[in-house]
1. When you go through 66, 104, 80 one by one, which is the residue that is among the hydroxyl-bearing types (Ser, Thr, Tyr) and surrounded by fewer than 18 Cβ atoms within 10 Å (Cβ to Cβ)?
2. Just the residues that are part of a loop (DSSP other than H, G, I, E, B) and surrounded by fewer than 13 Cβ atoms within 10 Å (Cβ to Cβ), please, taken from the stretch 12-33.
3. Mind listing whichever residues of the stretch 29-48 are closer than 20 Å to residue 152 by Cα and in contact with a helix residue (DSSP H, G or I) (Cβ under 6 Å, 6 or more places away or on another chain)?
4. Criterion first (modelled with pLDDT of 95 or more, of a type in the set (A, V, I, L, M) and more than 23 Å from residue 139 (Cα to Cα)) does residue 34 satisfy it?
5. Restricting to the stretch 18-38, what's the tally of residues that are over 18 Å from residue 93 (Cβ atoms) and more than 14 Å from the chain's Cα centre (by Cα)?
6. Just need a number here: residues in the stretch 75-109 that are in a strand (DSSP E or B) and free of Cβ contacts under 8 Å to residues at least 40 places away in the same chain.
7. Condition first: surrounded by 15 or more Cβ atoms within 10 Å (Cβ to Cβ) and at pLDDT 95 or above. Now tell me which residues in the stretch 52-63 satisfy that.
Amino acid sequence: MPKWFELSAGDESLLETASFVRRFSVDLSVSAEAAWAELTRDDALAWCGSVSGTRYLTPRPFGAGTRRELSMRPTALKATEEYFRWEETAGVRYRNTFYVSRFTAPGLRQFVEDTHVEQLTSGSRLTWTFAIEPGPVLRGPLRLGAPAVTAGLHRVVTDTAEYLGRSR
């Protein structure tokens with residue numbers, strides 16, 4: 001049984017004000033609806049090398065208040081995510097935003113993630129924003145390790161784009 005560490009609730013403002021914010025956009029060859037269906041399905045992100053699984057802790061239909069657990073590899077790290085935004089405009093745009101409420105490693109104060117998919121004339125655009133506010137013990141290490149953390153997050157986006165079909 002893993003030991004869980006509580007994080008402070010985050011909100012949308014952290015996406016701009018956190019000491020570590022990374023935003024990635026990629027154009028996909030699939031529709032926004034198809035991309036969204038994959039990103040919100042059971043065991044979403046299983047195509048990512050760093051994610052060993054996800055499972056929703058709340059029943060469908062999903063919305064604000066939805067909870068999900070994410071497991072990472074190659075370690076046994078886990079996170080509990082709590083969605084405070086869930087917007088779906090069929091065929092046009094989809095967006096959800098969560099904060100991590102619990103994590104199985106110490107040192108993070110806040111973590112917020114925003115996923116936005118919008119329909120384009122041909123295909124769709126996925127914009128993913130990650131915001132991390134470390135606790136005092138991780139401030140220095142995150143600053144020094146920022147390139148590695150950025151590369152890891154970029155890999156999640158790249159794995160997703162390859163799975164869904166990157167637009168040429």
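The values are calculated or read from the model by the stated rules, or taken from the named source; none is laboratory data. A quick note: this is a predicted structure, and the numbers were derived from the prediction, not measured. Ideal geometry is used to build each Cβ from the backbone, glycine not excepted, and the neighbour counts take in all protein chains shown.
1. Only one candidate passes the filter, namely 104.
2. Of everything in the stretch 12-33, just one residue is part of a loop (DSSP other than H, G, I, E, B) and surrounded by fewer than 13 Cβ atoms within 10 Å (Cβ to Cβ), namely 13.
3. Residues satisfying the conditions are 47, 48.
4. In short, yes.
5. Number satisfying all stated conditions: 3.
6. Residues meeting the conditions: 8.
7. Those that are surrounded by 15 or more Cβ atoms within 10 Å (Cβ to Cβ) and at pLDDT 95 or above: 54, 56, 62.
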